[in-house]
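Chemist: Pasting a structure below so you can have a look.
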Amino acid sequence: MNTYDMRNMPITAEDNALVGLVSEYGLARAYVRKDPREQLSLVPMPLETLTRILDAQMIVPAHETLGEGRVYTVIDALHVTLSRMTPDDIAIVGDNEPAQLALISAGVAALIIAEGAPVGERVIAAARARGASVLATTLDAFSVGKMISLSLPARMIMETDIPMVRLEDSLEYAKGVVSNSKFRTACVVDGQGQHIGLISRTTLMQDVQKSVILLDHNEYSQAVDGIEQADILEIIDHHRLGAISTLKPVKFLNDPVGSTSTIITNKFIEAGIEPLPSTAGLLLSGILSDTMVMKLSTTTPADTRAVDYLAGIAGVDPAEYGPELIQKGMDLDALPKEELLTRDMKRYNLFGRSIMVSQVMTSSFEFAEVHAAEIHAELERLRATMGVDCFFALFTNIFANASDLFAAGEEGCITRLDLRDQPRRLEGVMSRKKDFIPKFGQMFRSS
C-alpha cells in the first residue's frame, strides 16, 4: 500500500476473482485492538513468506510452512525461555552461538538470527540434524518482532462486504456507491466478478466526459442516463427536433426519411465504401422494420433506393424477407404485458406534459380486443412507476392501415382527449412520429 500510495488494497484469488479489500481502517482496527500484553505469536505461513517479510536469507530451509507458534526474543535468562518453548515456537537471537545451539537442541521450529550476526557451521549442522529452519536478517531483534506482529494474512484483515461497480454502470451510479462506502472507494469488476481496478473520490473529482453520438433520437428524455454530462460529438436522426443543447457546435444530420438506417446507408454510399453483407443485412432489417416493409406513410423514395442497394449486397429478396422479419416480432402471446409495452416506447415532453408512447405491431386487432383489460391495467401501473402524465399504447395493424389506442392518465386529460372508451380505433395512424404525435400534440396544446 505504501509502494503504490493506496489506502485500500483489493485481494484477489488465483483466477483474479475479487475476494476482499484490505483498508487502512481494517489494518488499524486489527492492530489497535490487540492486547499489548499478549504473547507475540506467528500465524501459519510459508517459510518463504516469512523470509520475504524479514528481508532475510534462508540458511536452513527445514520447513516449507511454519505452524502457529509463539515468538520469543532471547536476550538473557536463556534457561527460562528454554523451559517454555514448544516444537512450534520461533526464537529470535543475536550473535550468541551457544544460545543458538541451545535453542536448536531444545527443538525450536525456526531460529531467526538478527542484526546481521554470522551463522556458524556448527549452528547450520545442528539445525539440519534437528530439523530446525534458520533465517538470518540484518534487522534488529525489536524490528523482527514488529514485522512478525504485522504479518497477519490478508484473509484475517480484509473486508468481504465490498462496494462494487461494473464497467457498464454510469458515473452517477459509481459516485453514489463511492460516497456511501466507508472506504470511499469501489472495486470495478467485470461480468464474471474478476477485478479490473479501483475508483475513488479522487478519481471522481476528475472531469470525465464520455464522447457519444446520438443515433435515432435527439431528445434528453429518450437518451441514456447521464447524457447531460456527456460530450455529444454528432447527432444522426430522422425524428422531430427535441429540446437538446450542446456546449459546442456539433454535426447534426436530420433527414425526414423512414429510417435512420437509410441515413447510415447513404453515408456508406457517399464515402464510397461498400458495407459487408452482414452490415448490409442489419441496415436492411432496420429499414424494413421501421417502414413496416415500405408500407408506412413515413416511407420515402430514399428508403426504397437504400433497400434496393442493401438487398443486392446482402443477397436477399426484400419482398420475401420483410414479411418474415415483421412476423417474427409479432408473437405477442408469449410476452409478459410489461415487456410487450416497454420494448418499443419513447418519452416526449409536449407543452409541459410528460408522455410515453409505446407501439406494438400486430397482424390483426384481435390481440388488443381480447386482452384490453390487462393492457389497460398494465398501462396504469407503468404510468405510476415511470412518473409520466400520460402513457399511450398503439397496437398497429400493418395490414389494416390503422391502430388501436389505449391510454392511461389523469381523468381530466383522458376526457379532454376523448379517450373514455378504449381501445379507440385510429384509421390511417401507422407511424408514431408522423401520424400520432402531430395529431395528439395539437390536442395537448389546446387542452
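Any read-out appearing in this document is the output of simple, stated calculations on the displayed coordinates, not a laboratory observation. What you are looking at is a predicted structure, and each value in this text was computed from that prediction instead of being measured. Don't worry about glycine lacking a Cβ; one is built from the backbone with ideal geometry, like all the others, and counts go over all protein chains shown.
Chemist: Check Val429: other-chain or 5+ apart residues with amide H under 5 Å from its amide H, H built from backbone geometry?
Modeler: It is Ser403, by chain and number.
Chemist: Same structure, new question: What does the charge count near Asp169 come to, summing +1 for each Lys or Arg and -1 for each Asp or Glu among other residues with Cβ under 11 Å from its Cβ?
Modeler: Once all neighbours under 11 Å are counted, the net charge is -1.
Chemist: Can you tally the net charge around Gly67? Count Lys and Arg as +1, Asp and Glu as -1, for every other residue whose Cβ sits under 12 Å from the Cβ of Gly67.
Modeler: -3
Chemist: Can you match P(r) over Cα pairs in 20 Å bins from 0, in percent to one of these, (1) 26, 59, 14, 1, 0; (2) 18, 31, 20, 17, 13, 0; (3) 19, 40, 25, 11, 3, 1, 0, 0, based on a calculation from the structure here?
Modeler: (2)
Chemist: Moving on to the next point. Local charge sum around Asn8 (other residues, Cβ-Cβ under 12 Å, Lys/Arg +1, Asp/Glu -1)?
Modeler: With Lys, Arg at +1 and Asp, Glu at -1, the net is +1.
Chemist: Helices from the chain with mean Kyte-Doolittle at least -0.5 and a Cα length along the axis of 18 Å or more, per DSSP H: which?
Modeler: 277-290, 301-314, 372-386
Chemist: Which entries of Lys210/Lys337; Lys175/Lys434; Lys210/Lys328; Lys146/Lys175; Lys251/Lys433; Lys182/Lys251 have Cα-Cα distances beyond 32 Å here?
Modeler: Lys210/Lys337; Lys175/Lys434; Lys210/Lys328; Lys146/Lys175; Lys182/Lys251
Chemist: Would you kindly state how much longer the chain becomes between Asp190 and Asn2 on full extension, computed as 0.36 nm times their sequence separation minus their alpha carbon distance, in nm to one decimal?
Modeler: 65.0 nm
Chemist: Considering amide H positions built from the backbone, and no H for Pro or chain starts, which residues 5 or more places from Leu198, or on another chain, come under 5 Å of its amide H?
Modeler: Amide H neighbours of Leu198, under 5 Å, 5+ apart: Val188.
Chemist: Ignoring everything except DSSP H segments at least 4 long, calculate the 222 nm mean residue ellipticity for the chain; use -39,500 (n - 2.57) per segment, divide by total residues, nearest 500.
Modeler: -10000 deg cm²/dmol
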